[in-house]
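*Asks:* Dumping the structure here so I can ask a few things about it.
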């Protein structure tokens, strides 16, 4: 659905200057029919200790609601430079978000984790609705979320 | 212009507005329902720390505690990896019920704000809010113009049917609708970036936290300082992450709480703009203001009725001002009739004049006054029939007349006659026809008067017919004008009972009780003839068709439709055609009658004293008001007759009413037996009491003959003097009503 060339945030670029190999990764997030308004969804990368590394995608345009994506909000410190150009519309109940990004090879199988925070108006906030390691082995395997995510998978 | 502004958007948007209103009314219940389900401790009794401590005991996996605007506390938790949400009792921390937003309300909400059409629908809903705003404002202005001033808005309204319902309901609902429309417009304007929006990101996460051993949530000092009533939301730290913090949002602002030290970090008070926005949302939704929600919901429920009655009014207006048969072209006509009408009553007279002149061989052109042509080349006669609207203004179909008159070129031999219609009881009787210069303006245009301006009181058919006779003489063709109101579809009434008084004192007066004669039988399935009378109340009028096709005469009703009888009190006039006819009726005889509503003559609702004053047969509606006084409001009757032996009308009934307190006081005067006392004398004798009642807001209703009414006015003016007020003032407040014949 959405295809963009992705260069992870400056932090990662600086941290891993020697590595230039990249590959295309598709992230597919299917939501439950939770029956509320459009969901705000943040996909982001953390290190093994859960420390924020960079933003992959934010669904939902109104920044005043971003604080409800609390894990991501804390990590990114809601600095617009962290998510500039990586935002889209909020996701309607039951629909699927599919995004394709170019990821550095160095991020794979190196203890990094993909996390998804979700929030819906007048309903619960889900910090780490999904938290899965980014590995070669994990590719193509769907996992269920704890909150509004019915299933999430990434494919190389 | 104002009317188009009110009607056109209303008509086009009514379907959407009705949808918004009904869904809005349903949503308005939500705050009250939520409030009823919530356990709400008094302010200052439970702190957020206490609440969180209790909740965690029952829900170890608590992730988030939210206090809804209606006071309900919801806990979002995770148990064995499964998410859940419960409504909890803040006093114990125990779950009350699983919390699940109602799918129905969510759907209704979606329908309300976007017609289930996402952004396009939201935009439409926003446009509808603006339309509603326009309709409300133009409606208020229309109502002000119609009633004759801002102060008059709270008085009883005149008019009947759809028009009455429309303005009564609108008067009740308009403030609520205005508030809903205004806040809805604001919210929509913000959403689509037309109005500025304060978007508050809240404070940034603290860079440093103590990272120490987490303390129990119930012991955190920053949370102890916040009362439950101020809480909006408390988000717990991610499990086993010592670097994480509690995120706290209160009505005053937001910040973070260190999970080891309990210190409040980075607290940021809410911006003023955001507080304002929150208020707008509350005023629109009733969140946290459940009583307002119910008021707004009730107001919204009026919208479907307002739409239907509004469309009905529009349709009636279109239809009854429509084409007349044999209407000559303006350029061909030798006779022109122009009509100024607000509620179309005047059109009935115009039609009669039109038909009559047509029959006499004239080429007649009839149109509304607004359609005044630049000239009428063939015309030698111009008739202007106009009513007066509100405070002496032009009625709807004459509003542009004065402006058009400046372009009007009169032919040399054009003569004119103005006929005004109104109600003599109102101070601005026929003011538009006379004082506001329709007559004078035509004279200054160089036209010569065919006949001086004349005034018709309360659609009097006999006055109209007399005017026709005079005009007929002037134009050399007899005109037999018999006006009968458009809506006078008559019903057969059977006399069931009569009580006769006053024969001994040469004032034969009878109380006549009728019932609807055409009930049952197979004819009731025929759609053509109305078999039952429309609803009526004491004080309304019964139109009676006298024999030989005369114009109807009107009698004040002493009964209400709910009593199942039609009761009038009739004095036999010497040589009176209709009263003589009625007096000759025997039980079982039939008459043809119809109802004319007279809502301007009703006692006020509420607990203020009502002073009823009448003489002779004028007691009819007054007795009816007393009979209906089930709530035992203070009512005083001053009534004058001739002899207590002969014409004490309603004597047994009045005795009963005094006993059961429907009537508080009765004061009678009998001119033959009481040393020539009239009802005015009784008022004078009782003046301190009357004055005292008036000073506490009493309403006066007078019913009877013209001379008696004039006498009563003199006495009441005298009584009012020490209060520094006068009848005109009371009249303007709806506190001095007359039904005079």
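*Asks:* Condition test on residue B:196, is it buried (at least 16 other Cβ atoms within 10 Å of the Cβ) and within 14 Å of chain A (Cβ to nearest Cβ)?
*Replies:* no
*Asks:* Let me ask something additional. Exactly one condition in (1) more than 15 Å from residue A:43 (Cα to Cα); (2) in contact (Cβ under 8 Å) with a residue 60 or more places away in the chain; (3) surrounded by 14 or more Cβ atoms within 10 Å (Cβ to Cβ) is false for residue A:101; which is it?
*Replies:* Every condition holds for residue A:101 apart from (1).
*Asks:* So is residue B:83 without any contact (Cβ under 8 Å) to a residue 24 or more places away in the chain and part of a loop (DSSP other than H, G, I, E, B) or not?
*Replies:* No: the conditions fail for residue B:83.
*Asks:* Could I ask something else about it? Has region B:702-720 got any residue that is assigned to a helix (DSSP H, G or I) and touching a residue at least 40 places away in the same chain (Cβ under 8 Å)?
*Replies:* Yes, because at least one residue in region B:702-720 is assigned to a helix (DSSP H, G or I) and touching a residue at least 40 places away in the same chain (Cβ under 8 Å).
*Asks:* Residue A:107 is checked against (1) more than 14 Å from chain B (Cβ to nearest Cβ); (2) buried (at least 21 other Cβ atoms within 10 Å of the Cβ); (3) touching a strand residue (DSSP E or B) at 6+ places or on another chain (Cβ under 6 Å) and fails just one. What number does that condition carry?
*Replies:* (3)
*Asks:* Quick check on my filter: what residues within region A:73-87 are loosely packed, with under 13 Cβ neighbours inside 10 Å and away from chain B (no Cβ under 11 Å)?
*Replies:* The answer is A:81, A:84, A:85.
*Asks:* While we're here: If the requirement is being touching a strand residue (DSSP E or B) at 6+ places or on another chain (Cβ under 8 Å), within 10 Å of chain B (Cβ to nearest Cβ) and touching a residue at least 24 places away in the same chain (Cβ under 8 Å), which of these qualifies: A:90, A:70?
*Replies:* Exactly one residue qualifies, and that residue is A:70.
*Asks:* Output the number of the condition that residue B:579 fails; it satisfies all remaining conditions of (1) in a loop (DSSP other than H, G, I, E, B); (2) more than 30 Å from residue B:168 (Cβ to Cβ).
*Replies:* (1)
*Asks:* Within region B:403-411, identify whether any single residue is at pLDDT 85 or above, surrounded by fewer than 21 Cβ atoms within 10 Å (Cβ to Cβ) and more than 19 Å from residue B:336 (Cβ to Cβ), and answer yes or no.
*Replies:* No, there is no match, as no residue in region B:403-411 is at pLDDT 85 or above, surrounded by fewer than 21 Cβ atoms within 10 Å (Cβ to Cβ) and more than 19 Å from residue B:336 (Cβ to Cβ).
*Asks:* Of everything in region A:35-52 that's surrounded by fewer than 18 Cβ atoms within 10 Å (Cβ to Cβ) and at pLDDT 85 or above, which residue is nearest to the other protein chains (Cβ to nearest Cβ)?
*Replies:* Result: A:51.
*Asks:* Follow-up question, since we're still on this one. Which residues, taken from region A:110-129, are within 14 Å of another protein chain (Cβ to nearest Cβ) and assigned to a loop (DSSP other than H, G, I, E, B)?
*Replies:* A:120, A:121, A:122, A:123, A:124 - these are the residues of region A:110-129 that are within 14 Å of another protein chain (Cβ to nearest Cβ) and assigned to a loop (DSSP other than H, G, I, E, B).
Here is a yes/no grid of residues against (1) assigned to a helix (DSSP H, G or I); (2) touching a residue at least 12 places away in the same chain (Cβ under 8 Å); (3) on the phi < 0 side of the Ramachandran plot:
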| residue | (1), (2), (3) |
| --- | --- |
| B:17 | yes, yes, yes |
| B:21 | yes, yes, yes |
| B:26 | yes, yes, yes |
| B:33 | yes, no, yes |
| B:36 | yes, no, yes |
| B:42 | no, no, yes |
| B:45 | no, yes, yes |
| B:54 | yes, yes, yes |
| B:63 | no, yes, yes |
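*Asks:* Also, quick follow-up: Determine if region B:134-151 includes at least one residue that is assigned to a loop (DSSP other than H, G, I, E, B), modelled with pLDDT of 90 or more and buried (at least 16 other Cβ atoms within 10 Å of the Cβ).
*Replies:* no
*Asks:* Of all the residues that make up region B:238-257, how many are out of contact with any strand residue (DSSP E or B) (no Cβ under 6 Å at 6 or more places or on another chain) and buried (at least 23 other Cβ atoms within 10 Å of the Cβ)?
*Replies:* Qualifying residue count for the region: 1.
*Asks:* Output the strands (runs of 3 or more DSSP E) that fall wholly within region B:213-298 and possess 2 or more residues being away from every other protein chain (no Cβ under 14 Å), or say none.
*Replies:* So the answer is B:264-269.
*Asks:* Kindly check whether there is at least one residue in region B:97-105 that is at negative phi, within 14 Å of chain A (Cβ to nearest Cβ), surrounded by 19 or more Cβ atoms within 10 Å (Cβ to Cβ) and in contact with a helix residue (DSSP H, G or I) (Cβ under 6 Å, 6 or more places away or on another chain).
*Replies:* No, region B:97-105 contains no residue that is at negative phi, within 14 Å of chain A (Cβ to nearest Cβ), surrounded by 19 or more Cβ atoms within 10 Å (Cβ to Cβ) and in contact with a helix residue (DSSP H, G or I) (Cβ under 6 Å, 6 or more places away or on another chain).
Conditions tested, residue by residue: (1) modelled with pLDDT under 90; (2) touching a strand residue (DSSP E or B) at 6+ places or on another chain (Cβ under 7 Å); (3) surrounded by fewer than 20 Cβ atoms within 10 Å (Cβ to Cβ).
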| residue | (1), (2), (3) |
| --- | --- |
| B:627 | no, no, no |
| B:631 | yes, no, yes |
| B:636 | no, yes, no |
| B:639 | no, yes, no |
| B:644 | yes, yes, yes |
| B:658 | no, yes, yes |
| B:663 | no, yes, no |
| B:666 | no, yes, yes |
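This table checks each residue for (1) buried (at least 17 other Cβ atoms within 10 Å of the Cβ); (2) under 23 Å from residue B:410 (Cβ atoms); (3) at pLDDT below 90.
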residue: B:337; (1), (2), (3): yes, yes, no
residue: B:340; (1), (2), (3): yes, yes, yes
residue: B:344; (1), (2), (3): yes, no, yes
residue: B:348; (1), (2), (3): yes, no, yes
residue: B:352; (1), (2), (3): yes, no, yes
residue: B:360; (1), (2), (3): no, no, yes
residue: B:369; (1), (2), (3): yes, yes, yes
residue: B:373; (1), (2), (3): yes, yes, yes
residue: B:377; (1), (2), (3): no, yes, yes
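*Asks:* It is to be established whether one or more residues within region B:64-74 are more than 14 Å from every other protein chain (Cβ to nearest Cβ) and surrounded by fewer than 17 Cβ atoms within 10 Å (Cβ to Cβ).
*Replies:* Checking region B:64-74: not a single residue is more than 14 Å from every other protein chain (Cβ to nearest Cβ) and surrounded by fewer than 17 Cβ atoms within 10 Å (Cβ to Cβ).
*Asks:* Could I ask something else about it? Of the residues that make up region A:53-62, is at least one over 13 Å from the mean Cα position of the chain (by Cα) and either closer than 30 Å to residue B:73 by Cα or more than 9 Å from chain B (Cβ to nearest Cβ) (or both)?
*Replies:* Checking region A:53-62: at least one residue is over 13 Å from the mean Cα position of the chain (by Cα) and either closer than 30 Å to residue B:73 by Cα or more than 9 Å from chain B (Cβ to nearest Cβ) (or both).
*Asks:* Of the residues B:683, B:649, which is crowded, with 16+ Cβ neighbours inside 10 Å, within 21 Å of residue B:539 (Cα to Cα), in contact (Cβ under 8 Å) with a residue 24 or more places away in the chain and touching a strand residue (DSSP E or B) at 6+ places or on another chain (Cβ under 7 Å)?
*Replies:* Of B:683, B:649, the one residue that is crowded, with 16+ Cβ neighbours inside 10 Å, within 21 Å of residue B:539 (Cα to Cα), in contact (Cβ under 8 Å) with a residue 24 or more places away in the chain and touching a strand residue (DSSP E or B) at 6+ places or on another chain (Cβ under 7 Å) is B:649.
*Asks:* Looking at residue A:132 and the list (1) away from chain B (no Cβ under 14 Å); (2) over 17 Å from residue A:50 (Cα atoms); (3) assigned to a strand (DSSP E or B), which single condition is not satisfied?
*Replies:* Every listed condition holds for residue A:132 apart from (2).
*Asks:* Among the residues in region B:381-402, are any under 20 Å from residue B:471 (Cα atoms), modelled with pLDDT of 80 or more, over 39 Å from the mean Cα position of the chain (by Cα) and not in a helix (DSSP H, G or I)?
*Replies:* yes
The values are calculated or read from the model by the stated rules, or taken from the named source; none is laboratory data. Predicted, not measured: the structure shown is a model, and the values here were computed from it. Please note: Cβ atoms are built from the backbone with ideal geometry, for glycine as well, and neighbour counts cover all protein chains shown.
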